[in-house]
Amino acid sequence: KNQVEQSPQSLIILEGKNCTLQCNYTVSPFSNLRWYKQDTGRGPVSLTIMTFSENTKSNGRYTATLDADTKQSSLHITASQLSDSASYICVVTVGAGKSTFGDGTTLTVKP
Amino acid sequence: EAQVTQNPRYLITVTGKKLTVTCSQNMNHEYMSWYRQDPGLGLRQIYYSMNVEVTDKGDVPEGYKVSRKEKRNFPLILESPSPNQTSLYFCASKLNRGGAHEQYFGPGTRLTVT
């Protein structure tokens, strides 16, 4: 069964600190991996999209990495802000176009 | 502005009363899909459409219907809603199913079935 596992389930950090969220997947054949940010009660918003040949992609303070050999991805957030408090979702798409969503990591940034 | 719109945003209804949630996109995307999101379960795909008149079941299609008569619209129909369909629903679209294309989500529809 294709799966996408995210860790930790939840995380609390202080404003200004960095953090890293993890995503491990077993889906095959891999096509691309996306990270989304979802504010409570709102639709997910895309942060990064990476294909097999890309191992890092940045979007402002967000940097995603991909290791296709170990089937792992991480999302690093630098100098966190209160507005980074949200759920972060990892989504892996296979070659036929079907996507599998992780359950997300809930990040809380405290002042 | 590129966007996906959904209506209504909030809906409270009773068991068995047919309802339709509309979804519209202005980006000329071929691929559209519906998801539901429940606490602890993440986003699960209900139905998707790869183009006009082409629809297929996702992971949790039971109790739902869809239609795609026009490229921009993809309504979700609950013929006989039940309390277990109480959820937060999202419509999404992207250029096509394959490839690393940006997927845009609507603002969500919170449905309560009593």
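So which lysines pass the test for A:Lys98, namely a Cα distance under 23 Å, with those fewer than 8 places away in the same chain ruled out?
A:Lys1, A:Lys37, A:Lys57, A:Lys71, B:Lys57, B:Lys65, B:Lys69, B:Lys71, B:Lys94
Need the list of lysines near A:Lys110 for cross-linking: C-alpha distance under 16 angstrom, and skip anything on the same chain fewer than eight residues off.
Straight-distance partners of A:Lys110: A:Lys17.
Report the charge-dipole magnitude of chain A in Debye, nearest 20, computed about the Cα centre from +1 at each Lys and Arg Cβ and -1 at each Asp and Glu Cβ. Show your work: numbers first, answer last.
Working: 10 positive and 8 negative charges, 33 e Å.
Here the size comes out at about 160 debye.
Given a cut-off of under 8 Å on Cα pairs at least six residues apart, what relative contact order in percent is computed for chain B? If you can, show how the numbers build up before the last one.
Details: 303 pairs, mean separation 40.6, N = 114.
Answer for chain B is 36 percent.
Whole angstrom only: what separates the Cα centroid of the stretch A:80-102 from the Cα centroid of the stretch B:33-53?
Centre-to-centre distance over Cα atoms comes out at 14 Å.
How far is it, in nm, from the label point at A:Glu5 to the one at A:Ala79 when both lie 7 Å from their Cα along the line to the Cβ?
Spacing of the two 7 Å Cα→Cβ label points: 3.5 nm.
For B:Asn84 and B:Thr22 in the same chain, what is the full-extension length gain: residue separation times 0.36 nm, less their Cα-Cα distance, in nm? Walk me through the intermediate numbers first.
On the way: separation 62, 0.36 × 62 = 22.32 nm, distance 2.02 nm.
Full extension of this stretch gives 20.3 nm more.
At q = 0.10, 0.11, 0.13, 0.17 Å⁻¹, what is the log10 ratio I(q)/I(0) for chain B, with the Debye formula run over Cα points and no solvent?
Log10 I(q)/I(0), no solvent term: -0.26, -0.31, -0.44, -0.75.
Laboratory data are not the source of any read-out in this text; all were calculated from the coordinates shown. No experiment lies behind these values; they were computed from the predicted model shown. Positions of Cβ are backbone-derived with ideal geometry, glycine not excepted, and every protein chain shown enters the neighbour counts.
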